[in-house]
Amino acid sequence: MPDLSSIVFLLFFLLLLVPMVTQRRLAVKRYRSIRALERRRGSRVITLIHRQEAVSLLGIPLRRFIDVEDSEQVLRAIRLTPDTVPIDIVAHTPGGLVLAAEQIARAMHRHSAKVTVLVPHYAMSGGTLLALAADEILMDENAVLGPVDPQVGGWPAASIIRVADTKPLERIDDTTLILADLARKAQAQIKDVVLDVLLDTFPPDRAEHIANELTLGRWTHDYPLTLETLTELGLPVKTTLPVEAFELMELYPQAGRQRPSVQFVPVPYTDPHHAPVPAGKE
């Protein structure tokens, strides 16, 4: 009969083993889901999905964003893709480093075959820059993109410039003047990137209009650009998002929750005997 220490050791071993096995099974499911989407679309599928991390610092959850490690991996995937093979990028991200997003956007722009960005829920800031670099954007009808206006020192570049341009010079401190100089450069730089990826698709005047709308601070940085707004801008947006993209997102659950905040029966109501009774809006 095993002694208590052996039982404790076995339990400890299982506690270590179970998360590893669970994570491995999840990884296999993700690869299978990616392959299913690739077979349907005849493309190379690359995911850029950022979720809140389970760990936290001083009680503040750590959030993931587009960084240089992401750009290295995406650029490697693009290099491994033949020029004749289309690329689909599933983007779910709040944005991130301009350097990383710009590298990915330029690599997408240079790929010879068709590049499509799939947005099941949102792709803000740097994620929107990737969408602009694509030949086509497939979105859920409720998904959103966001402005790509630069932020300097935690403040919107457009707001810093506005303060520097409207306030009397003698009342502006040196730090604000320095930030305003950086803000002007940041605006010009990000606008150049947006124009560079748009000019192959749009005439110069239209590309200029889109770049100005998205980079010069018309909206707040977190303002959601809906399908209707993007269509008005003239971006190549469609709502024919394949169901496999949503199935893939299900395999990237939000980490760290002890209980779900949203619950529902996860099946479509196709049986009229079990479906809710339809009712119009009052």
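A few points about this structure:
- Net charge contributed by nearby residues that have their C-beta within less than 12 Å of Ala207 (K/R +1, D/E -1): -4
- For segment 43-48, Karplus couplings with θ = phi - 60° (6.51, -1.76, 1.60), whole Hz, Gly/Pro x: 9, 8, 9, 10, 9, 10
- The listed peptides 136-148, 186-198, ordered by packing as a protection proxy, come out as 136-148, 186-198 (highest mean of other Cβ atoms within 10 Å first).
- Simple label model, 7 Å out from Cα along Cβ direction - Arg79 to Trp155, nm: 4.1 nm
- Spin-label model distance (nm) - Ser5 vs Arg110, 7 Å beyond Cα toward Cβ: 6.1 nm
- Amide H within-cut-off set for Val90, under 5 Å, with H built and near neighbours excluded: Ile46, Thr47, Leu48, Leu118
- Protection proxy ranking of 205-216, 29-40 - average other beta-carbon atoms within 10 Å, highest first: 205-216, 29-40
- Per-residue extension of 0.36 nm, minus the Cα-Cα distance of Arg162 and Thr22, leaves a gain of 45.2 nm for this segment.
- If you plug the beta carbon distance of His209 and Arg64 into 1/(1 + (r/R0)^6) with R0 = 45 Å, you get a FRET efficiency near 0.85.
- Accessible surface of segment 95-236 [probe 1.4 Å, protein heavy atoms]: carbon and sulfur percent: 53 percent
- Taking amide H as placed 1.01 Å from N in the peptide plane, Met139 has its amide H under 5 Å from the amide H of Val119, Lys238, Thr239, Thr240, Leu241, each at least 5 places away in sequence or on another chain.
- Backbone geometry of segment 103-113 corresponds, through the Karplus equation with coefficients 6.51, -1.76 and 1.60 at θ = phi - 60°, to 3J(HN,Hα) couplings of 4, 5, 4, 5, 5, 4, 5, 7, 5, 5, 7 Hz, x marking Gly and Pro.
- Take every Cα pair under 8 Å whose residues are at least 6 apart in sequence, average their separation, divide by the length of segment 92-203, and the relative contact order is 24 percent.
- Gain on full stretching of the segment that runs from Asp173 to Ala188 - 0.36 nm per residue minus C-alpha separation: 3.1 nm
The values are calculated or read from the model by the stated rules, or taken from the named source; none is laboratory data. These numbers were taken from a predicted model, which means no experiment stands behind them. Every residue, glycine as well, gets a Cβ built from its backbone with ideal geometry; the counts of neighbours run over all protein chains shown. Note: areas computed on protein heavy atoms with side chains; ligands, DNA, RNA excluded. Shrake-Rupley method; radii C 1.70, N 1.55, O 1.52, S 1.80 Å.
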